[in-house]
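As structure tokens, the structure follows; a few thoughts come after it.
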Amino acid sequence: MAGTGVFAEILDGEVYKYYSDGEWKKSSSGKTVAIINPTTRKTQYKVQACTQEEVNKVMESAKMAQKSWAKTPLWKRAELLHKAAAILKEHKAPIAECLVKEIAKPAKDAITEVVRSGDLVSYTAEEGVRILGEGKFLVSDSFPGNERTKYCLTSKIPLGVVLAIPPFNYPVNLAVSKIAPALIAGNSLVLKPPTQGAVSALHMVHCFHLAGFPKGLISCITGKGSEIGDFLTLHPGVNCISFTGGDTGIAISKKAGMIPLQMELGGKDACIVLEDADLDLVAANIIKGGFSYSGQRCTAVKVVLVMESVADELVEKVKAKVAKLTVGPPEIDCDITPVVSESSANFIEGLVMDAREKGATFCQEYKREGNLIWPLLLDNVRPDMRIAWEEPFGPVLPVIRINSIEEGIHHCNASNFGLQGCVFTKDINKAVLISDAMETGTVQINSAPARGPDHFPFQGLKDSGIGSQGITNSINMMTKIKTTVINLPTPSYTMG
Ligand code: G3P
């Protein structure tokens, strides 16, 4: 159970502690932040409201710890990460329980998130040992006018302190996807979890504590964004920010100083369906892509662009599958569970009402109880409707009927987002041309968008992000290149 057994030390009465300098602590603020269970809409957990002084202390320890960590052998860093991964997987049940209570993630998906996170940490350890274990050797005489008198050793060095800010929808997985690359690359890590998802994250951090990482190398600060958000992101001790979330990322990017940024800020992933597509496959992927975790995924299918000639048939197939989705609490593993907050539910409802006023066809009756919104397919959506462009982050999916491939590509590219997209057709040549034309970081051919497997590169164009993630890219992003040039008195015989 959460907060018991090995996790008992992270809880003080009914308030979870924060993690600083290798210890679980109470904030001197004496204040707490309540975490509302999306299903019951009552306070489920409480976490510390940390102060700016506590942020300063964490940054100081992180800076100190990083110095010796950078000199710790790669195999030792990897060994500790493997240990943390095993502990994480061993304690998947209490962590998953937190995910169910804090973010209403269906029970089975919650377990999957923790196991996937353990696998990600292990894979990162192995990949780090491989790619950080070798650099480049250059000689000078390949460039005109030079003798072979210079040896250039190109190596990688850590950035320093990495600030990780994951979102509510994967508070464990999208935290470790930042923590593990940062650590294997020799950085220290300060985690600011989302408020909803904070307790899952604190449990996950405790697994790293139990693995025995040095004091101060990992910290986890909880609190109100209004008090410590800007303070953290603008802190002079931060050498890199890895953020996943919404518009806040744009604000962070505008204010951040001369530090590398890794940003993933959502998407409006389009699903383009051609006339020759296997419509059963498309329908199955629209359900999986559009309604998994009630549509609260950056990579969810967020607009279907289907050729008019096959639209009726596809809509009927999707409707039949929507009717089979179970709706209810996450504890009993329903497909559709309450969305994360009341304000999120209100936002989704606003998009639905706008579509209703402007004449969209409702394939199901719109139904909402508290934060629970029944799955809804909206047919005949037109570009003048908000839902054609905005991200609902909920179980509501618009269908736009198109008369040409160009029309589909045009809609996809007119979006300010550019995370992923997908195209369904049996013609691989057409699929590749469409993939080339879609201005998104990834295009999936004959499958719904998805970030994983976690070693694949993952990036967004336009407002969807900065940089590329995925295990290898994140490790590389969290290092800097350093070169050492050995100057020889006479030309050498050795080539590169
Ligand atoms: O930020 C990415 C996340 O929202 C989607 O990840 O694994 O569900 O494709 P995934």
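The values are calculated or read from the model by the stated rules, or taken from the named source; none is laboratory data. Note that the structure is a prediction, hence the values are computed from the model and not measured. So basically every Cβ, Gly included, is an ideal-geometry build from the backbone, and we count neighbours across all protein chains shown.
The table below gives the values:
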read-out	value
Unique residue being at pLDDT 95 or above, β-branched (Val, Ile, Thr) and under 27 Å from THR39 (Cβ atoms) when the list is ILE252, ILE287	ILE287
Residue ID - surrounded by the fewest Cβ atoms within 10 Å (Cβ to Cβ), chosen from residues in region 422-468 that are within 20 Å of GLU275 (Cβ to Cβ) and within 20 Å of the chain's Cα centre (by Cα)	SER447
Neighbours by Cβ (under 8 Å, 6+ apart or cross-chain): first from region 451-467, under 18 Å from ALA175 (Cα atoms) and more than 10 Å from the ligand (Cβ to nearest atom); second assigned to a strand (DSSP E or B) and among the aliphatic types (A, V, I, L, M)	ILE466/LEU261; ILE466/MET263; GLY467/LEU261; GLY467/MET263
VAL190 vs. criteria more than 16 Å from the ligand (Cβ to nearest atom), within 17 Å of the chain's Cα centre (by Cα), crowded, with 22+ Cβ neighbours inside 10 Å and among the β-branched types (Val, Ile, Thr)	yes
Among the residues listed as VAL340, VAL303, the single one being surrounded by 24 or more Cβ atoms within 10 Å (Cβ to Cβ), within 16 Å of the ligand (Cβ to nearest atom) and not assigned by the TED database to the domain that holds THR40	VAL340
The listed residue being part of a loop (DSSP other than H, G, I, E, B) and within 20 Å of the chain's Cα centre (by Cα), out of GLY229, GLY237, GLY246	GLY246
Those residues of region 91-130 which are over 29 Å from THR472 (Cβ atoms), acidic (Asp, Glu) and surrounded by fewer than 24 Cβ atoms within 10 Å (Cβ to Cβ), in sequence order	GLU97
Matching residues in region 402-421 - criterion: being more than 23 Å from GLY266 (Cβ to Cβ) and surrounded by fewer than 19 Cβ atoms within 10 Å (Cβ to Cβ)	ASN403, SER404, GLU406, GLU407
Selected residue (criterion: nearest to THR51 (Cα to Cα)) from residues of region 1-28 that are surrounded by 14 or more Cβ atoms within 10 Å (Cβ to Cβ) and hydroxyl-bearing (Ser, Thr, Tyr)	SER27
Hey, LYS215 in the same structural domain as VAL172 (by the TED database), modelled with pLDDT under 95 and charged (D, E, K, R) or not	no
Some residue of region 256-276 being out of contact with any strand residue (DSSP E or B) (no Cβ under 9 Å at 6 or more places or on another chain) and within 16 Å of the ligand (Cβ to nearest atom)	no
Flag for GLY394 being small (Gly, Ala, Ser) and closer than 25 Å to SER294 by Cβ	yes
First in region 294-319 and under 22 Å from ILE409 (Cβ atoms), second anywhere and among the basic types (Lys, Arg) and modelled with pLDDT of 95 or more, Cβ under 8 Å, 6 or more apart	CYS298/ARG451; THR299/ARG451; LYS302/LYS268; VAL303/LYS268; VAL306/ARG401; MET307/ARG401; GLU308/ARG401; ALA311/ARG401
